[in-house]
Structure formats: structure tokens, C-alpha cells
Amino acid sequence: MARWLKQGRDPNTAAQDDAQVRGVVEAILADIAMGGDAKVRELSAKFDGWDRNDFRLTDQEVRDCLSELSQRNLDDIRFAQDQIRSFAEHQRSAMQDVEVETLPGVVLGHRHIPVGRVGCYVPGGKYPMVASAHMSVVTAKVAGVPQIITCAPPYKGRPAPAIVAAQHLAGADTIYCLGGVQAVGAMALGTETIDPVDMLVGPGNAYVAEAKRQLFGRVGIDLFAGPTETLVIADESVDAEMCATDLLGQAEHGPNSPAILLTTSERLARETMAEVERILTILPTAEIAAAAWRDFGAVIVCDSDEEMVVEADRLASEHVQVMTRDPDYFLQNMTNYGALFLGPRTNVSYGDKVIGTNHTLPTKKAARYTGGLWVGKFLKTVTYQRVLTDEASALVGEYCSRLCMLEGFAGHAEQANLRVRRYGGRNIPYATAAE
């Protein structure tokens, strides 16, 4: 039976925080819908200290940002984008259009059509999240999205050169320096200077995530996302330093980022807790990571790998680092996770930044019903049908007519009856089921 050696804060408290965020975001989006560019400027000045007549970066501003980066910086960005592009291309090639003759003369098919216009949000107020530009823009490009716009907040009072470079090199068509709810609201709702998009993607803070949730339906979104989560699954084949480092490496995302250790070894659990405290004395981002560990960190001891699978699927974490004697056991048996990182040689940071899988992943147990951002999210799988012969139309029409009348849809039935009369030579009275 699973035993908790450490638990985070009361979930009811987090629910109260969510309610407060919902109210703030609802009011901001209503203001943007009514006030357009003027309200966006007001909000940007208020929240980011950033105000200009046009938030779109000029070609010269983009070039200036690129010139501030070293050749090594640019090469590193290109390397990461090459890995992400390569994996996305393999994913896209696996998605084939389909056309099949299901009955003689009846042809059914589907096509994968890219979304027309996508808005990619790249967070960057606290850290310049360069990798988020790769994950959204590169993947959308591989999917064939014809128009991609990006928004990222100013960093230290101006456009973040590394984010701008990543957006540009990834292939963004239009780059805006605009952050927060005002950015996603402007992209989704449109203003006098920003045309509305069909889909919003990209991570963000609690307010950005809530804005996307409220805008869903008016536009598509990649997924519902909350604070970064990490789950480390470990046994005594790995040491406490590795476990603690991987927990705190993700806890530094924010003070509300859950970091959980799941293990079959109480000794490893207690040593990891001690190692966390040691690392927090030297970690440059310890102020944030310590708050996350204090309020959202947890340690769970299980009796077996089988029990760890049950607990891991219940937690449905965004990132799952597996460091056990048989990590493939978890690949074969776990069902609820955003991404798996199998074995000590890999880690969540690789996935976050460079290895090629996408880092925009489900949180708050959304992994129970969805995966993360991938090339398929930018594609609409749409179907079509074609009937090639009179005989096929009459055959399907007879079945369709009877099934429509079973439901009481006389108009639907007449659509079928007309084809039966015309192509099958049967004199069926108006709006009655074919015998």
C-alpha cells in the first residue's frame, strides 16, 4: 500500500486560487473585446511596463535581436530546432490520407488539412523561454500551417533577443512583443492591428492558461495546461542526488510546480529528501524551487513496480522520469502521462529544450484523455464520401431511409428515398421508409 512520507498543500487552497484567476481573466478578456488596441496597450503598460503604438516587431528589430546573439547561441538554437523538426516530420509522415472502397461503388476517405492561422504564445516574463518558440512554431510549420504569428512578453524592458531569434529562425510570419492575457486575448479576439487566429498554442502562467481555457471554442487550443509537473519514479538502482536534481530541476519553473518522488525504497526516499535540502542551499533558483518543494512536493513509497504504475497513472503527471532497473516496464504498462523519460541517461530538461519531443504537455491530470502538442494538433482530419454507381446509391439509400424513419427524421429519409427512386427505379412514396 502506498505511503506518503511528504505531502503538498491542501488541494482546496489551490482551487480557491484558480477561482480568483478565473475572475481576473474573464474581466480582462471582456475589456479586450470591447477596447481593442487601446485596451491591449493599457494592459501591456500595466502588467509589463511596455507600451508602443504597434507591438509588431519590424524586420530591422528582428535583425537587431539576431545580431545580439553569438554564433554559438544561434547554432544551438538551430540544433534544437533541427531535432524538433526532424521528429515532427517523422510524425507527419506517419499521418496518411485515406481513401477506401468500403462497398462496391462507395468510396470513403479522409484528408489532413492544416489549420489556417495559428497564434503561438512564448512565455518569457520570468525566464526567456526560447524552447517554447521551437516547440510551437517549428511543429506548426511542419504541419503546413500557412500563417503563424507569435507573441512573447518583453524581457527586462525590451524584446528578448533569444526568443525573437528562435521565433524568426523557426519560421514565424509575424512576431509581436506582447505578453500575458492581453497577448492571447488579442490573438484570439483580434484588434484593429492584430488579425484573429484560428488556434492558440503554447504554455504560459496561470492567467495565460486560464485565458486559453476561456477562449476555447472561439478558437482552438493545443490543450489545457497548468503549472509544470514532474514525477520521478525510482528504485535503488539510482541514487538520491539524481532523484533530487531531477525533482528540483523542474520545481524551479514556479512556486506552484508539483514535484513528486515515487519509489519502492524508503531509504532512497529519505535520502532524496535530505539531498533536496542540500541542493537548495546551493541552487541559484532555490527561492522558487524551495517554495514549490515545500508547498507542492511529495514523496510516496510503494511496495512494488506494479503499485507504482497504479499510483503514477492516478497522478497522470506531465513529465515522468523513470529510473528503475526495468524502465521499459513502465513504458509498456503506464497509460496516463504527458511524456516519459526512460532511464538515468535522459531527463526532463532534454525534452524541455533540445532532444526533439515536444515540451507542451498536459497537466492537472489531463493526461488521462490527451497527449501533448504535436504535428497532428495543427491538422484537421476531415472526411469525404463519393458514390460511384446507381446501384450503390440505391443500396445505401434503402438502409438510410429506414434508419432515418426509426429516429423520426422524415426529411432525412426523403433525401435517401429520392436517390432510391432515381437510381434504384423504386416508386417509394414521399417521406416513408423503404421496405
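The values are calculated or read from the model by the stated rules, or taken from the named source; none is laboratory data. Here the structure is a predicted model, which means the values were calculated and not measured. Cβ placement follows ideal geometry from the backbone for every residue including glycine, while neighbour counts extend to all protein chains displayed. With ligands, DNA and RNA removed, areas are computed over all heavy atoms of the protein, side chains included. Shrake-Rupley method; radii C 1.70, N 1.55, O 1.52, S 1.80 Å.
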Scan the stretch 276-305 and report the pairs whose first residue is touching a residue at least 40 places away in the same chain (Cβ under 8 Å) and whose second residue is acidic (Asp, Glu) and not in a helix (DSSP H, G or I), with Cβ atoms within less than 9 Å and a gap of 6+ or a chain change. Ala289/Glu252; Ala292/Glu252; Phe296/Glu229; Asp305/Asp235; Asp305/Asp326
Between residues in the stretch 244-271 that are in contact (Cβ under 8 Å) with a residue 12 or more places away in the chain and residues that are open to solvent by 60 Å² or more (accessible area, probe 1.4 Å), which pairs lie under 6 Å by C-beta distance while being six or more apart or on different chains? Ser265/Glu236; Leu268/Glu236
Residues that are part of a helix (DSSP H, G or I) and surrounded by fewer than 20 Cβ atoms within 10 Å (Cβ to Cβ), drawn from the stretch 289-298: Ala291, Arg294, Asp295
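Can you name the residue in the stretch 88-115 that is part of a helix (DSSP H, G or I) and in contact (Cβ under 8 Å) with a residue 24 or more places away in the chain and is also nearest to the chain's Cα centre (by Cα) among such residues?
At the first step, the residues of the stretch 88-115 found to be part of a helix (DSSP H, G or I) are 88-94.
Okay, now just the ones that are also in contact (Cβ under 8 Å) with a residue 24 or more places away in the chain, so 88-89, 91-92.
Details: Ala88: 14, Glu89: 18, Gln91: 16, Arg92: 17 Å.
Residue satisfying both the conditions and the ranking: Ala88.
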Give me the residue from the stretch 10-51 that is in contact (Cβ under 8 Å) with a residue 12 or more places away in the chain and not in a helix (DSSP H, G or I) and, out of that set, nearest to Cys151 (Cα to Cα). Trp50
Among the residues of the stretch 210-262, count how many are among the aromatic types (Phe, Trp, Tyr) and modelled with pLDDT under 95. 1
Restricted to the stretch 53-83, and to residues that are closer than 21 Å to Pro196 by Cα and in contact (Cβ under 8 Å) with a residue 40 or more places away in the chain, which residue is surrounded by the most Cβ atoms within 10 Å (Cβ to Cβ)? Phe55
Is the stretch 319-330 home to any residue that is on the phi > 0 side of the Ramachandran plot and not hydroxyl-bearing (Ser, Thr, Tyr)? no
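Any chance the stretch 212-233 includes a residue that's in contact with a Cys (Cβ under 9 Å, 6 or more places away or on another chain), in contact (Cβ under 8 Å) with a residue 24 or more places away in the chain and either farther than 25 Å from Gly144 by Cβ or open to solvent by less than 20 Å² (accessible area, probe 1.4 Å) (or both)?
Yes, the conditions are met somewhere in the stretch 212-233.
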Among (1) in contact with a Gly (Cβ under 9 Å, 6 or more places away or on another chain); (2) modelled with pLDDT of 95 or more; (3) among the aliphatic types (A, V, I, L, M), the one test that Val382 misses: (1)
Of all residues in the stretch 234-245, count the ones that are touching a strand residue (DSSP E or B) at 6+ places or on another chain (Cβ under 8 Å), closer than 19 Å to Lys6 by Cβ and open to solvent by 30 Å² or more (accessible area, probe 1.4 Å). 1
